[in-house]
Amino acid sequence: MSDVPALLPVEEARARILERCAPLPTEWVSGDEALGRALAEDVLARRTLPPWDNSAMDGYAVRAEDLRGPLPVRLAVGETVFAGRLPVRELTPGTCARIMTGAPLPQGADAVVMRERTRAIAGADTVEILEAVAPGNFIRPRGEDAREGDVLARRGTPLGIPELGLLWAQGVTSVPVPRRPRVAVLSTGDELCRADDPPEGRIVDTNAPALALAVRRAGGLPTMLGIARDTQEAVQEALARTDGFDVVLTSAGVSVGDHDFVKAALEALGVEQHFWRVAIKPGKPLVVGQRGPTLFFGLPGNPTSSLVTFELFVRPALRRLLGLEDVEPPRVSGRLEGRLTKHPGLAHFVRVTATWRAGELWAKPLGTQTSGVLRSASAATHLLHFPRESSSLTDGSHVELLPLSWVA
Ligand code: AMP
Ligand code: MG
């Protein structure tokens, strides 16, 4: 009998993680700091915007009914209204005003004729209007963007650039959002050293700095805990220093090797294991657990496996902690260039370079798919999802592609 549990399908593993993730407590931050998080409370409009009916074009503000007769119609030009000024004259029948884009509409005007449909009469304050327009033509109505007191943005709204622009337009410069997740990153392994150490037969720990960058790009605040040696005591001691972190990422030591102590250390610390081992390649040995509010991810040690599991599981969790509802990895459809075969049982996430050709995204698998070297992740733009039960994909197959967040 084996003590190795059955492999969990990727979707189920992600669902189990997300069940445990809720938006973190609220903090008030400036708009630029809020980018990429979701609003923690409804925000009401303080201002009606635009504050007045205004012109969507450079042209002439008119009374539409003056243009009913045979064209062209001659109108007397009363004034010129620029953006940033208020009109002073009311339009009376037979008169119009020159107006610039964004300038408030004069009283009495109900339409704008674009300048290209008019002919100025030299030396006279008169213009010939060459086309009739309906009331409302080229007018941006007052309150089209927001009305004072209305809900401007609901709680849960993901704050992208236009959303923050809408808030700024209201004079709202500080917004309530979940605070950023604090993420501890620990490497484990006797073979590891820092980049500035003499190698002496060791290899440089690349997982911790790579994961820290991935955390930052996903909106979290990484703290590096260094390298723990391959003993249960060392791993346990390092993990015991993770109080106050929302998420802890370890790398390596989660397989079935004799020196794989991460699971035992987690258990000894009282971390409740949610699952171990997922039906994917790379990344099969992933272990996930929780103690109090802290979520622990034991990521595999192979550099590419740790990045792929970050992408498939950690990033969605961090996004959920930031209040975002839509956290599944994004997917686009493409075609396979070449062919792929495997045994059923594991979903493969194949590193590909995808390029747009003849109206479709063509995905070419990178030459090396071993997960032990970073080379096999560099130049990848997407992960191609080769489903668990499938054993071959022929040239030109329609495939699901996950855009990678780690690209430059
Ligand atoms: P393990 O899961 O401990 O068996 O490690 C799997 C592979 O990943 C081994 O070849 C390790 O040397 C390598 N590895 C583990 N941790 C790191 C790290 N932090 N940086 C680079 N490579 C690593
Ligand atoms: Mg190891």
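Can you sort L164, L221 by how many other beta carbons sit within 10 Å, fewest first?
Details: L164 19, L221 14.
Placing the least packed residue first, the sequence is L221, L164.
Step through the residues of the range 128-143 one at a time and calculate ³J(HN,Hα) from phi using the Karplus curve (6.51 cos²θ - 1.76 cosθ + 1.60, θ = phi - 60°), rounding each to whole Hz and writing x for Gly and Pro.
Going residue by residue, I get 9, 9, 9, 9, 8, 10, 7, x, x, 4, 6, 10, 8, x, 3, x Hz, with x marking Gly and Pro.
Given the DSSP H assignment, sum -39500 (n - 2.57) over each helix run of at least 4 residues in the chain and divide by its residue total; what's the result at 222 nm in deg cm²/dmol, nearest 500? It would help to have the intermediate numbers written out before the result.
Values: 8 runs with 63 residues, N = 408.
Calculated at 222 nm, the ellipticity per residue is -4000 deg cm²/dmol.
For the range 344-357, what does the Karplus curve 6.51 cos²θ - 1.76 cosθ + 1.60, with θ = phi - 60°, yield as ³J(HN,Hα) per residue in whole Hz, taken in order and with x for Gly and Pro?
Using θ = phi - 60°, the values come out as x, x, 10, 7, 9, 10, 8, 6, 10, 10, 9, 10, 7, 9 Hz.
Quick check: pseudo-label points 7 Å beyond the Cα along Cα→Cβ at R47 and V204, how many nm apart are they?
5.0 nm
Apply the Karplus curve 6.51 cos²θ - 1.76 cosθ + 1.60, θ = phi - 60°, to the phi angles in the range 82-95 and return the couplings in whole Hz, x for Gly and Pro.
9, 4, x, 10, 9, x, 10, 10, 7, 6, 9, x, x, 10
Scan around F296 for amide H atoms under 5 Å from its own, H built in the peptide plane at 1.01 Å from N, and keep only partners 5 or more places away or cross-chain.
Close amide H contacts, sequence-distant or interchain: V248, G289, Q290, R291.
Once the piece of chain linking A6 and A358 is laid out straight, how much longer is it, given 0.36 nm per residue of separation minus the C-alpha distance between them? Please list the in-between numbers first.
Numbers: separation 352, 0.36 × 352 = 126.72 nm, distance 4.28 nm.
The A6-A358 span can extend by a further 122.4 nm.
Read the figures in this text as sums done on the coordinates, not as results from a lab. Being a predicted model, the structure only gives us computed values, none of them experimental. Heads up, the Cβs are rebuilt from the backbone with ideal geometry, glycines too, and the neighbour counts pull from every protein chain shown.
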